[in-house]
Amino acid sequence: MSKGKVDALLGIVFGDEGKGKVVDCFTPKYDIVARFAGGPNAGHTIIFEGKKFVLRSIPSGIFDEGKLNIIGNGCVIAPDLFMAEAKELEAAGYDLKSRLHISKRAHLILPTHRVLDRAYEAAKGKNKVGTTGKGIGPTYSEKAARTSLRVGDILENFPEKYAALKSRHEQILKDLHYTDYDIREEERLWMEGIEYMKSFPLTDTEIELHKALKAGKSVLAEGAQGTMLDIDHGTYPFVSSSSTCSGGVCTGLGVAPNAIGEIFGIFKAYSTRVGSGPFPVELFDETGDKIREIGNEYGAVTGRNRRCGWVDLVALKYAIALNGVTQLIMMKSDVLDTFDTIKVCVAYKKDGVITEDMPYDTEGYEAVYEELPGWKSDLTGLTSASQFPKAFQDYIDYLEKALETPITIVSVGPDRAQTIERA
Ligand code: GDP
Ligand code: IMO
Ligand code: MG
């Protein structure tokens, strides 16, 4: 934790690395937790004291009373989904209104953005991105096109603004011959969500952050998605539509680069990807199935199978450089407890050429592996790094050396308590 600074916790592969769990663990050390990108395409799982929550738009610092949580300007927000998520937390006894501020500059996902998401996907045929269907691409596209609506718009003449944008969307859908949809019920809930959102502080969150930083407060920026899904640096076009990297923290919260402190890069002890797009380490055999089964690798938002493979050093090295990662956090180590050997992808190969650098397009590349012995013991009950079996310690040492970055936290189970700090 750095006082007067923004530390960032970023997924550095294809998302679902366990960001929610670690942000929740880190929250006691920070004054403010802020989301800077994405929207309800995220699904961040938090488990403690026998309770489980999956957060979409609300930051994972929300369980800690007295901490301010911010949905920043770089985020997109669906009022109906936000209302459902927030009401679930309120029903569980968390008083959100005193601890959650929403940026007036965040953009609104309309019901028709979700229809457009489906329509664009349908039009892509076999080149589908495999989106979460939450309207993310259409909303960020309109943000860039300067035709979108922001949270601040709900405070003045909103019905007119909404009707104009909706009718524009209807025209686009007509042009796409995508007219078989009915959003009446969705729209009713969405409007209810708009009213509900008005009961939260809708603020200039960047100014709040400037003042907080000046006063020496500490901020944790919670990433969504992962580096390989970044609009600029991911496996385009099979990416999300926001800046998921450390640069996105600055634009998505309105904080300057010199306000950034530590950059935590979070990854799993293996790899997963959900949705379409190239994935050189993907395993199509029973090893992949075994990782999926043990790791419970099914999407938190859509329930889809996550594609599984071994850890990918090409992607990790690229992500560490892109983000300026200062510390690594390795998650889900326990999932590999029963494997005889563990493979590590050290390079990609195509047409006989081997590269350790991330190619422009990873389609057609296969993984080149090194193999390490498995630890073949149960990590889930361990509480300190001194208890690590030798082969597991060797795996950590191997990765640290290859990635030239310390792994300071290791996770050995989904619960808040199953988190081990390494000195
Ligand atoms: P996020 O999107 O990065 O917050 O990650 P998700 O919540 O989508 O996916 C991570 C999944 O792994 C969740 O189901 C977590 O409960 C679970 N999880 C997190 N850490 C661990 C761990 O160390 N071991 C195991 N077995 N599961 C974990
Ligand atoms: P968290 O924050 C994993 C993937 C989708 C799809 C692509 C584009 O939980 O790690 P979108 O709906 O954003 O237009 O979909 O990105 N995707 C994620 N994959 N974790 C996520 O979030 C994701 N958010 C989007 O599966 O391939
Ligand atoms: Mg997730």
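The values are calculated or read from the model by the stated rules, or taken from the named source; none is laboratory data. Bear in mind the structure is a predicted one, so any value in this text is a computation, not a measurement. Cβ: placed from backbone, ideal geometry, glycine included. Neighbour counts: every protein chain shown. Note: accessible area is taken over every heavy atom of the protein model, side chains too, but ligands, DNA and RNA are not part of it. Shrake-Rupley method; radii C 1.70, N 1.55, O 1.52, S 1.80 Å.
Looking for something open to solvent by 90 Å² or more (accessible area, probe 1.4 Å) and either hydrophobic (A, V, I, L, M, F, W, C) or modelled with pLDDT under 95 (or both) - is there at least one such residue anywhere in region 128-144? No, region 128-144 has no match at all. Residues in region 123-137 that are within 14 Å of ligand 2 (Cβ to nearest atom) and more than 18 Å from GLU186 (Cα to Cα): LYS124, ASN127, LYS128, VAL129, GLY130, THR131, GLY137. For region 372-389, a residue qualifies if it is out of contact with any strand residue (DSSP E or B) (no Cβ under 9 Å at 6 or more places or on another chain) and surrounded by fewer than 12 Cβ atoms within 10 Å (Cβ to Cβ), and the qualifying residues are GLY381, SER386. Checked against (1) in contact with a strand residue (DSSP E or B) (Cβ under 6 Å, 6 or more places away or on another chain); (2) away from ligand 2 (no atom under 15 Å from the Cβ); (3) of a type in the set (Phe, Trp, Tyr), PHE48 passes all but condition (1). Counting only strands (runs of 3 or more DSSP E) wholly contained in region 270-331, no element carries 2 or more residues that are under 13 Å from PHE14 (Cβ atoms) and open to solvent by 20 Å² or more (accessible area, probe 1.4 Å). Can you spot a residue in region 243-263 that is open to solvent by less than 20 Å² (accessible area, probe 1.4 Å), farther than 30 Å from ILE12 by Cβ and out of contact with any helix residue (DSSP H, G or I) (no Cβ under 6 Å at 6 or more places or on another chain)? Looking for residues that are open to solvent by less than 20 Å² (accessible area, probe 1.4 Å), farther than 30 Å from ILE12 by Cβ and out of contact with any helix residue (DSSP H, G or I) (no Cβ under 6 Å at 6 or more places or on another chain), one finds none in region 243-263, hence no.
Do we have any residue at all in region 138-154 that's part of a strand (DSSP E or B) and within 15 Å of ligand 2 (Cβ to nearest atom)? No, region 138-154 contains no residue that is part of a strand (DSSP E or B) and within 15 Å of ligand 2 (Cβ to nearest atom). Return the residues of region 39-57 that are without any contact (Cβ under 8 Å) to a residue 24 or more places away in the chain and either under 17 Å from the mean Cα position of the chain (by Cα) or within 8 Å of ligand 1 (Cβ to nearest atom) (or both); say none if nothing qualifies. Of everything in region 39-57, just one residue is without any contact (Cβ under 8 Å) to a residue 24 or more places away in the chain and either under 17 Å from the mean Cα position of the chain (by Cα) or within 8 Å of ligand 1 (Cβ to nearest atom) (or both), namely LYS52. Can you pull out every residue in region 291-304 that is away from ligand 3 (no atom under 14 Å from the Cβ) and touching a residue at least 24 places away in the same chain (Cβ under 8 Å)? ILE291, ILE294, listed by residue number. Could you tell me whether VAL115 is in a loop (DSSP other than H, G, I, E, B) and touching a Phe, Trp or Tyr at 6+ places or on another chain (Cβ under 7 Å)? In short, no. Scanning region 303-328 for residues that are within 12 Å of ligand 2 (Cβ to nearest atom) and over 20 Å from ASP230 (Cβ atoms) yields a count of 3. The residues of region 2-38 that are of a type outside the set (A, V, I, L, M, F, W, C), more than 7 Å from ligand 1 (Cβ to nearest atom) and within 13 Å of GLY223 (Cβ to Cβ), listed by number, are ASP7, ARG35, GLY38.
Filtering region 329-349 to residues that are of a type in the set (A, V, I, L, M) and within 14 Å of ligand 1 (Cβ to nearest atom) leaves ILE329, MET330, MET331, VAL335, LEU336.
Restricting attention to region 354-371, the residues that are touching a residue at least 24 places away in the same chain (Cβ under 8 Å) and either in a helix (DSSP H, G or I) or open to solvent by 20 Å² or more (accessible area, probe 1.4 Å) (or both) total 12. Selection of region 240-269 for residues being more than 19 Å from LYS21 (Cα to Cα) and assigned to a strand (DSSP E or B) yields ILE260, GLY261.
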